[in-house]
Amino acid sequence: MNNSNTYDVAIAGGGLAGLALSIQLARAGYAVVLFEKERYPFHKVCGEYISLESWNFLEELGLPLSDWGLPVIRRVLVSAPNGEYIEHELPLGGFGISRYKIDAELAGIARSSGVTAQEGVKVTDISFDRSAAHIHTASDIYHAKVACVTAGKRSNLDIKWRRPFTLRRSDKLNNYIGVKYHIQTDLPSDLIALHNFRDGYCGISRIEDGRYCLCYMTTAANLQMNGSSIPEMEKNILYQNPFLSAIFSSSVKLFDQPLTISQISFERRQRVEDHMLFIGDAAGMIPPLSGNGMSMALHGSKIAFRSIDAFLKGHIARHEMEQEYEDQWNRQFGRRIWTGRQLQRWFGDEKRTNLLLHSLKPFPKLISFLIRQTHGQPF
């Protein structure tokens, strides 16, 4: 397929999952179009820590990670709202890099690999009939044998299609907000910290150029209780954790205003709907304690590629492609997400968090076990 607006695969969303998938498909000889509503490079709300399970895969895609001198992260510190904390080695470790950098670099690789990258173009709808997907934008319609959605945490498409997680009543699972800063601060470069506060978590780790990513999630109720003011919420709630109080007080914020996102949902989602494959955050938001959402998005793209490739080669039927992707996704991530959800039940509550960290501290082998349950292996 490649007649005007006709492709083998169309991808709605140009984040890590979409870009990685597009590169794999283009290198396999398929005609691929990718839509991204923003223009690279741009910042987005994200923790910006990637488990080393993804290192080899990213270098295979063409990122010269070894040449960039990125901070390698070997330790994790988790604190409770009252300041109780545990610090432990990460069995595999990770590295820090901003989405501003990695997304733009992958977009360049995608273009050079032959992907038709439509930047500044929002997909308004996708329909499917007669074994083809029809991708609608404000100005045109594209056609593809396979359509994939990698549009992130909560997109206009999710709302338009009335996906079930967008219809549920607001509660602690489906009404989070995310806030992100880049900061200058004096913290160990090999440490990622997860500081808990009432109904929320704040992750801090080093990225490129000596900067640090500070990104937190909390309930919309916390923001509403503070007059919808982010500074007031930080002062009244986040600062109750002594680690966060010290970091916010001594750091220099490098953004004029924080990046924010609202209505984040951790509700379960379908990986396949109406013959579309959902990948990355579109397939289901990863609880913060499930390991690493960026690595899961990248690994998810590899799983999707294998199923799509087999279908386009005629080795399997469409329904087999969809079922294979669903099965492989569950096999890789089901246990990680389940474990993360169980841990999140403890860390989402102030008293439980204090108690859990106090109880875990004397048992380093148990801590190592829990970390391994929430992280994957190189792929």
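Among the residues of the stretch 20-40, those identified as part of a helix (DSSP H, G or I) and in contact with a Lys or Arg (Cβ under 9 Å, 6 or more places away or on another chain) are 20, 21, 24.
Yes/no per residue for (1) of a type in the set (Phe, Trp, Tyr); (2) under 19 Å from residue 136 (Cα atoms); (3) at pLDDT 95 or above:
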site: 7; (1), (2), (3): yes, yes, yes
site: 14; (1), (2), (3): no, yes, yes
site: 27; (1), (2), (3): no, no, yes
site: 35; (1), (2), (3): yes, yes, yes
site: 43; (1), (2), (3): no, no, yes
site: 53; (1), (2), (3): no, no, no
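Those helices (runs of 4 or more DSSP H) of the stretch 301-379 in which at least 2 residues are more than 22 Å from residue 94 (Cα to Cα), considering only elements entirely within it, cover 318-347, 350-360. Against the list (1) buried (at least 22 other Cβ atoms within 10 Å of the Cβ); (2) under 18 Å from residue 12 (Cα atoms); (3) among the β-branched types (Val, Ile, Thr); (4) within 21 Å of the chain's Cα centre (by Cα), the condition residue 135 fails is (4).
The requirement of being modelled with pLDDT of 95 or more, more than 24 Å from residue 218 (Cα to Cα) and among the basic types (Lys, Arg) is not satisfied by residue 160. Within the stretch 41-58, the set of residues being surrounded by 19 or more Cβ atoms within 10 Å (Cβ to Cβ) and assigned to a loop (DSSP other than H, G, I, E, B) comprises 45, 46, 47, 48. Candidates are the residues of the stretch 276-327 that are hydrophobic (A, V, I, L, M, F, W, C) and under 20 Å from residue 343 (Cα atoms); the one that is modelled with the lowest pLDDT is 289. Here residue 213 meets the list (1) crowded, with 21+ Cβ neighbours inside 10 Å; (2) in a loop (DSSP other than H, G, I, E, B) almost entirely, failing just condition (2).
Taking the criterion of being more than 26 Å from residue 42 (Cβ to Cβ) and not aliphatic (A, V, I, L, M), the residues of the stretch 181-216 that qualify are 186, 188, 190, 195, 196, 197, 198, 199.
In the stretch 99-121, the condition of being aromatic (Phe, Trp, Tyr) and closer than 20 Å to residue 15 by Cβ is met by at least one residue. Filtered by the rule that a residue be more than 25 Å from residue 362 (Cβ to Cβ), crowded, with 16+ Cβ neighbours inside 10 Å and touching a helix residue (DSSP H, G or I) at 6+ places or on another chain (Cβ under 7 Å), the stretch 66-95 gives 70, 94, 95. Considering only residues in the stretch 178-199 that are among the small types (Gly, Ala, Ser) and either more than 17 Å from the chain's Cα centre (by Cα) or under 25 Å from residue 91 (Cβ atoms) (or both), the one that is surrounded by the most Cβ atoms within 10 Å (Cβ to Cβ) turns out to be 193. Contact map, the stretch 368-379: first residue on the phi < 0 side of the Ramachandran plot and touching a residue at least 60 places away in the same chain (Cβ under 8 Å), second residue surrounded by 13 or more Cβ atoms within 10 Å (Cβ to Cβ) and among the β-branched types (Val, Ile, Thr), Cβ cut-off under 7 Å, separation 6 or more or different chains; pairs are 374/339. All conditions but one from (1) assigned to a loop (DSSP other than H, G, I, E, B); (2) at positive phi; (3) not hydroxyl-bearing (Ser, Thr, Tyr) apply to residue 93; the one that does not is (1).
Just one residue in the set 17, 104, 10 is in a helix (DSSP H, G or I) and out of contact with any helix residue (DSSP H, G or I) (no Cβ under 7 Å at 6 or more places or on another chain); that residue is 104. Residues in the stretch 317-336 that are within 22 Å of residue 374 (Cβ to Cβ), crowded, with 20+ Cβ neighbours inside 10 Å and of a type outside the set (Lys, Arg): 329, 333.
Of the residues in the stretch 267-284, at least one is surrounded by fewer than 22 Cβ atoms within 10 Å (Cβ to Cβ), in a strand (DSSP E or B) and of a type in the set (Asp, Glu). Considering (1) touching a Lys or Arg at 6+ places or on another chain (Cβ under 9 Å); (2) modelled with pLDDT under 85, the lone condition that residue 167 does not fulfil carries the number (1).
The values are calculated or read from the model by the stated rules, or taken from the named source; none is laboratory data. These numbers come from a predicted model, not from an experiment. Here Cβ is always computed from backbone atoms with ideal geometry, including for glycine, and neighbour counts include all displayed protein chains.
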